[in-house]
Amino acid sequence: MAIKSSFSTPLGEAACENDAKKLQFIEEVTNNTKKVQERVLAEILSQNSQTEYLQRFNLCGSIDRCSFKAKVPVVTYEDLLPDIQRIANGDRSPILCSHPISEFLTSSGTSAGERKLMPTIQEELDRRQLLYSLLMPVMNLYVPGLDKGKGLYFLFIKSETKTPGGLVARPVLTSYYKSEHFRHRPFDPYNVYTSPNATILCTDSFQSMYSQMLCGLLHRHDVLRVGAVFASGLLRAIRFLQLHWHQLAFDIASGELSPKITDPSIRTAISEILSPNPDLSKFIISECSSGNWSGIIKRIWPNTKYLDVIVTGAMAQYIPTLEFYSGNLPMACTMYASSECYFGINLRPMCHPSEVTYTIMPMMGYFEFIPHDGSTTSNSTTLVELADVEVGKEYELVITTYSGLCRYRVGDILLVTGFHNAAPEFKFIRRKNVLLSIESDKTDEAELQAAVARASELLKPFGASVIEYTSQADTKVIPGHYVIYWELLLKSSEGIPDGEVLEKCCLEMEEAMNTVYRQSRVADGSIGPLEIRVVKGGTFEELMDYAISRGASINQYKVPRCVNFPPILELLDSRVISAHFSPACPTWTPYKSTS
Ligand code: AMP
């Protein structure tokens with residue numbers, strides 16, 4: 001009889017003892033979803049029973065689930081904004097949470113054009129760390145030998161600001177990478193990165209990217225997985241290589257770091273691994289100078305077993321491009337998280353992107369679900385608990401967190417595809433109200449409408465106006481950019497306003513976009529200049545004819561404000577008279593007071 005390994009778990013054979021513990025933990029919490037959820041809610045309510053927020057609903061210190069559900073309303077960010085503004089302005093009383101607010105996490109979601117500010121508490125870092133610690137044990141079940149090499153991960157921090165009351169406001173990943181948890185993480189052979197901390201912890205995105213790419217090239221044979229948080233980040237790295245391989249190869253040949261890298265910590269970290277290596281330099285030149293970028297990831301990092309990037313939701317648009325650059329390496333989407341709360345993990349990370357499901361980990365927060373059958377009104381109170389959702393149904397996620405969000409609508413629509421033990425597995429369907437997204441930007445219909453209205457004002461002096469418009473997020477070239485199709489009504493005999501006017505319209509639209517969009521344009525360069533494509537008169541009528549020929553009702557037809565169906569894009573593109581790009585970056589400042 002074969003001897004059973006001591007690391008055997010219901011999820012599979014764990015790679016080591018620590019993994020076995022983590023996998024057992026997953027089993028425990030998913031087997032006891034209901035109990036864990038009850039415990040989490042009771043803990044949150046007893047922790048926060050004296051907060052001003054909960055006191056408003058006369059819970060009278062009760063930690064009972066039924067009174068919580070009967071009395072506490074389901075809310076959006078806008079409902080909480082007055083409370084959040086008070087915290088941002090320095091009110092330290094227990095408004096939402098009894099624990100001190102340690103910082104604000106700036107969500108990529110926006111409210112009135114500004115980033116949402118999510119108050120968080122110190123202990124949430126431990127909870128996030130706990131979720132991270134589950135990822136590799138699951139991955140090791142599917143990909144053996146990840147302790148024999150390194151991960152090339154392009155990880156970045158962004159600049160942080162202070163609210164008027166003195167609290168730091170920064171993205172959740174910036175907070176995590178700068179935390180003790182990340183900087184002083186114990187050595188774990190399954191989680192060794194090619195990027196030294198100093199290269200990640202530099203706010204200058206050029207220096208950070210350059211040094212991380214350089215380290216990746218220097219360790220090219222050790223690299224077993226290549227990743228970034230989102231697919232767009234990894235593609236930016238490839239674009240960076242296309243633009244800067246020459247200098248990188250030069251540094252490697254000479255053993256001298258480019259003087260463009262001025263950050264002293266990066267220079268120190270690189271000096272420990274960079275020495276003249278003419279063979280590697282020649283190799284990089286021969287691979288990159290040919291102009292053939294197909295399969296470049298696999299060619300430069302030949303031992304890569306998979307790409308670690310999220311390609312679900314808005315990032316699915318990048319799958320074909322990633323396949324091209326990676327020579328069809330598998331893509332692992334490992335987790336589902338937000339600034340408000342980290343939600344869950346993918347228990348089959350090597351599955352095809354179209355099959356990805358996330359199992360919400362019941363200890364991360366208290367989760368409820370608004371059935372999303374199209375008929376449900378937004379103030380529905382018939383919320384379903386995590387353990388009670390039904391396979392085949394779509395729901396909107398509502399969370400209650402230790403940081404003090406109570407019954408907060410995240411805005412994500414999820415489909416239940418099955419269960420792992422008693423915990424549901426969800427497919428991410430979409431984010432509500434997001435029309436256009438290249439990276440972390442999320443532009444909704446109202447924002448696009450307002451931007452078009454603002455830009456079209458510039459046409460007035462020329463006797464022209466926009467009669468119809470639609471848009472697409474064009475990600476064929478990296479960085480991707482917004483394309484807005486305009487059909488113009490020309491009142492004067494002078495024809496279409498000249499190119500300069502339309503270029504100004506592009507910039508005006510960008511000025512009207514939310515702060516996340518403008519930051520991506522200005523500080524990160526992760527979105528390219530906005531483009532207006534002017535189409536021939538009658539194009540949108542043709543679009544309607546096409547939709548009707550495919551079964552749309554003539555009475556109910558509405559011009560789609562965003563298109564991604566290839567035949568419609570082909571139709572639009574075949575009617576383009578002229579294309580214009582934004583000639584400059586829009587204005588962006590890191591932080592606008594919420595008061
Ligand atoms: P943020 O508020 O900037 O932290 O963004 C969080 C949002 O990003 C989530 O609410 C989702 O809409 C999206 N998101 C996060 N993880 C995933 C994922 N694995 N797949 C699809 N979308 C995701």
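The values are calculated or read from the model by the stated rules, or taken from the named source; none is laboratory data. Since the structure is predicted, the reported quantities are computational estimates derived from the model, not experimental observations. Reconstructed Cβ throughout: ideal geometry from the backbone, glycine too, with neighbour counts over all protein chains shown.
List of remarks:
- Single residue of region 510-543 satisfying the filter (of a type in the set (Asp, Glu) and over 14 Å from Ala584 (Cα atoms)) that is surrounded by the fewest Cβ atoms within 10 Å (Cβ to Cβ): Glu541
- Strands (runs of 3 or more DSSP E) fully within region 65-173 that include at least 1 residues being modelled with pLDDT under 95 and not charged (D, E, K, R): 101-111.
- Candidate set from region 417-436 (those that are within 17 Å of Gly113 (Cα to Cα) and in a loop (DSSP other than H, G, I, E, B)); member that is farthest from the ligand (Cβ to nearest atom): Leu435
- Total residues in region 3-30, condition aliphatic (A, V, I, L, M) and assigned to a helix (DSSP H, G or I): 4
- Of all the listed residues (Tyr546, Tyr557), the sole one being free of Cβ contacts under 8 Å to residues at least 24 places away in the same chain, over 24 Å from the mean Cα position of the chain (by Cα) and loosely packed, with under 15 Cβ neighbours inside 10 Å is Tyr557.
This table checks each residue for (1) out of contact with any helix residue (DSSP H, G or I) (no Cβ under 7 Å at 6 or more places or on another chain); (2) within 30 Å of Pro590 (Cβ to Cβ); (3) at pLDDT 95 or above; (4) not basic (Lys, Arg).
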| site | (1), (2), (3), (4) |
| --- | --- |
| Asn421 | no, no, yes, yes |
| Ala451 | no, yes, yes, yes |
| Gly463 | yes, no, no, yes |
| Glu508 | no, yes, yes, yes |
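- Residue list for region 337-353, filter: part of a loop (DSSP other than H, G, I, E, B) and either within 9 Å of the ligand (Cβ to nearest atom) or within 22 Å of Thr401 (Cα to Cα) (or both): Ser338, Ser339, Glu340, Cys341, Asn346
- The helices (runs of 4 or more DSSP H) falling completely within region 513-595 that include 3 or more residues that are closer than 23 Å to Glu468 by Cβ map to 539-549, 566-574.
- Ala446 being over 17 Å from the mean Cα position of the chain (by Cα) and either within 13 Å of the ligand (Cβ to nearest atom) or modelled with pLDDT of 95 or more (or both): no
Quick grid of which residues meet (1) in contact (Cβ under 8 Å) with a residue 40 or more places away in the chain; (2) surrounded by 20 or more Cβ atoms within 10 Å (Cβ to Cβ); (3) touching a Pro at 6+ places or on another chain (Cβ under 9 Å):
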| position | (1), (2), (3) |
| --- | --- |
| Lys282 | no, no, no |
| Gly291 | no, no, no |
| Trp301 | yes, yes, no |
| Pro320 | no, no, no |
| Phe324 | no, no, no |
| Ala332 | yes, yes, yes |
| Glu340 | yes, yes, no |
| Asn346 | yes, yes, no |
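- Among the candidates Tyr395, Tyr358, residue that is within 12 Å of the ligand (Cβ to nearest atom), at pLDDT 95 or above and among the aromatic types (Phe, Trp, Tyr): Tyr358
- Residue within region 246-265 that is at pLDDT 95 or above, over 23 Å from the mean Cα position of the chain (by Cα), under 23 Å from Gly149 (Cβ atoms) and loosely packed, with under 15 Cβ neighbours inside 10 Å present: no
- Residues of region 31-58 that turn out to be out of contact with any helix residue (DSSP H, G or I) (no Cβ under 7 Å at 6 or more places or on another chain), part of a loop (DSSP other than H, G, I, E, B) and free of Cβ contacts under 8 Å to residues at least 60 places away in the same chain, as a count: 3
- Whichever residue in region 165-203 is within 16 Å of the ligand (Cβ to nearest atom) and of a type in the set (A, V, I, L, M, F, W, C) and, among such residues, is farthest from Thr106 (Cα to Cα): Leu173
- Test: residue in region 76-95 that is closer than 23 Å to Leu397 by Cβ and free of Cβ contacts under 8 Å to residues at least 12 places away in the same chain: yes
- Gly227 vs. criteria closer than 30 Å to Met350 by Cβ, in a strand (DSSP E or B), within 16 Å of the ligand (Cβ to nearest atom) and among the small types (Gly, Ala, Ser): yes
- Only one of the listed residues (Leu414, Leu405) is more than 27 Å from Leu507 (Cβ to Cβ), of a type outside the set (S, T, N, Q) and assigned to a loop (DSSP other than H, G, I, E, B). That residue is Leu405.
- Residues of region 473-497 that are in contact with a helix residue (DSSP H, G or I) (Cβ under 6 Å, 6 or more places away or on another chain) and not in a strand (DSSP E or B): Thr475, Ile478, Pro497.
- Scanning region 543-595 for residues that are modelled with pLDDT of 85 or more, among the hydroxyl-bearing types (Ser, Thr, Tyr) and in contact with a Lys or Arg (Cβ under 8 Å, 6 or more places away or on another chain) yields Ser578, Thr587.
- Close Cβ contacts (under 8 Å, 6 or more residues apart or on different chains) running from residues in region 458-470 that are of a type in the set (S, T, N, Q) to residues that are surrounded by 17 or more Cβ atoms within 10 Å (Cβ to Cβ) and in a strand (DSSP E or B) comprise Ser465/Leu488; Thr470/Ile484; Thr470/Tyr485.
- Total residues in region 326-336 satisfying the condition of being small (Gly, Ala, Ser), under 17 Å from Arg348 (Cα atoms) and more than 16 Å from the ligand (Cβ to nearest atom): the figure is 0.
- Hits in region 297-325 - residues which are away from the ligand (no atom under 16 Å from the Cβ) and within 15 Å of Leu224 (Cα to Cα): Ile297, Lys298, Arg299, Ile300, Trp301, Pro302, Asn303, Thr304, Lys305
- Residue within region 377-385 that is more than 12 Å from the ligand (Cβ to nearest atom), modelled with pLDDT under 95 and either farther than 30 Å from Ser98 by Cα or hydrophobic (A, V, I, L, M, F, W, C) (or both) present: yes
- Filtered by the rule that a residue be in a strand (DSSP E or B) and crowded, with 17+ Cβ neighbours inside 10 Å, region 437-467 gives Thr443, Ala464, Val466.
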